[in-house]
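The values are calculated or read from the model by the stated rules, or taken from the named source; none is laboratory data. These numbers were taken from a predicted model, which means no experiment stands behind them. Glycine gets a Cβ as well: all are built from the backbone with ideal geometry, and neighbour counts include every protein chain shown. Quick note on the areas: whole protein, heavy atoms, side chains included, nothing else; ligands and nucleic acids left out. Shrake-Rupley method; radii C 1.70, N 1.55, O 1.52, S 1.80 Å.
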Amino acid sequence: MLELSFEPPVHKFVSTHFDHAKIDVFIKREDLIHPFVSGNKWRKLKYVLEDARQKGMLHLVSFGGAYSNHLVALACAGARYGFKTSAYVRGEPVKNHMLNLCTTYGMELIFTDRESYKNKWQLFENRFDKNTAYFIDEGGKGNLAQKGCAEMISNITGFSHVCCAIGTGTTFAGIVNGLKKNTIAEGFCVLKNAEAINQEIEQMIHNKTICRIIHHHFHFGGYAKSNEIISDFIRKSATEQGILFDQVYTAKMMLGIIHLAQQGHYPKGSRILAIHTGGLLGLLSQL
Ligand SMILES: *Cc1c(COP(=O)(O)O)cnc(C)c1O
């Protein structure tokens, strides 16, 4: 089903901050995988869709906010592989370019008030038949998603650190589980006051020999909060290097890496691989 038509390339990212710290930073261009099933959402869905197909399911049902990269990815991938798709969208009915894409790919949107939204299984069972409809958790999180994410770094060697942004932490846990010894995994949490996520992530990690660090100081005010520093960084890296980052996840990771490099956090000679997890559709509402 979801087969990669090419292995996403690795591009060097140039910055005077990295020159001063005597480190090299490279970007794994997972954002190039697909325009709408971008980056880690593609990786997260790969085995989920396979599982649904094997179980003979016809209908994929999931959950997300009104700007969910996961829902767009699911709508697009579901349509490609012949599944019906439905999504519970948190909050009042709204229209935006992301949800328009979802409906263009045939996804049914069910707007759900914030209180009812909390009980996802209840919502699912009230409306769908468990024998034909397949439950996919918010953001696509779960073991199968993690397994797909581990493949992001399966062909990668020669790096001292691998970095990614953290939402649910599924991608980070998958990367840790896929890493070989002596590479340090660093995650950059984009949620505020989310220290409790460390425990959830630990439970997903079985490759305990990997050194792992989760940074909680680079959320820039909280989920989807942005500011001038972020938009300046996005504009500068797009203009000067032709690499676009999104304001919710990947720009915050990059600014985190830059800040840490300035603080001398990375030893001289470090070779850092930052995973560009995609999410660029979300940028279109901000430019
Ligand atoms: C969803 C998303 C993430 C977060 O992934 P998790 O597995 O939930 O931690 C990171 N980057 C982008 C671009 C995303 O869309």
Response to the item:
So the carbon and sulfur contribution to the accessible area of segment 131-287, 1.4 Å probe, in percent, is 51
Practice prompt. May I ask you to list the GluC sites (Glu not before Pro) in segment 173-215 that are in a DSSP loop and have at most 16 other Cβ atoms within 10 Å of their Cβ?
Written response: Glu195
Practice prompt. Subtract the Cα-Cα distance of Lys12 and Ser231 from 0.36 nm times their separation in residues, and report this length gain in nm to one decimal.
Written response: 76.7 nm
Item to complete: Calculate for the chain the 222 nm mean residue ellipticity that helices alone would give, adding -39,500 (n - 2.57) per DSSP H run of length 4 or more and normalising by residue count, nearest 500 deg cm²/dmol.
Response: -10500 deg cm²/dmol
Practice prompt. Among His17, Leu32, His265, pick out the residue whose Cα is farthest towards the positive end of the charge dipole of the chain, where Lys and Arg carry +1 and Asp and Glu carry -1 on C-beta, about the Cα centre.
Written response: His265
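Averaging sequence separations of C-alpha pairs under 8 Å and six or more residues apart, then dividing by the length of segment 62-121, give the relative contact order as a whole percent.
Relative contact order here is 39 percent.
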Discussion item. If you take every residue apart from Thr104 with its C-beta less than 14 Å away from the C-beta of Thr104, what net charge results, scoring Lys and Arg +1 and Asp and Glu -1?
Written reply: +1
Worksheet item: Separation of segment 164-206 and segment 215-266 by C-alpha centroid, Å?
Response: 18
Worksheet item: Are any of the pairs Lys22/Lys225; Lys120/Lys180; Lys28/Lys252; Lys12/Lys147 more than 24 Å apart by Cα-Cα distance, and if so, which?
Response: Lys22/Lys225; Lys120/Lys180; Lys12/Lys147
Discussion item. Quick check for you: with a 1.4 Å probe and neighbouring chains kept, what is the accessible area per residue of segment 1-133, in Å²?
Written reply: 48
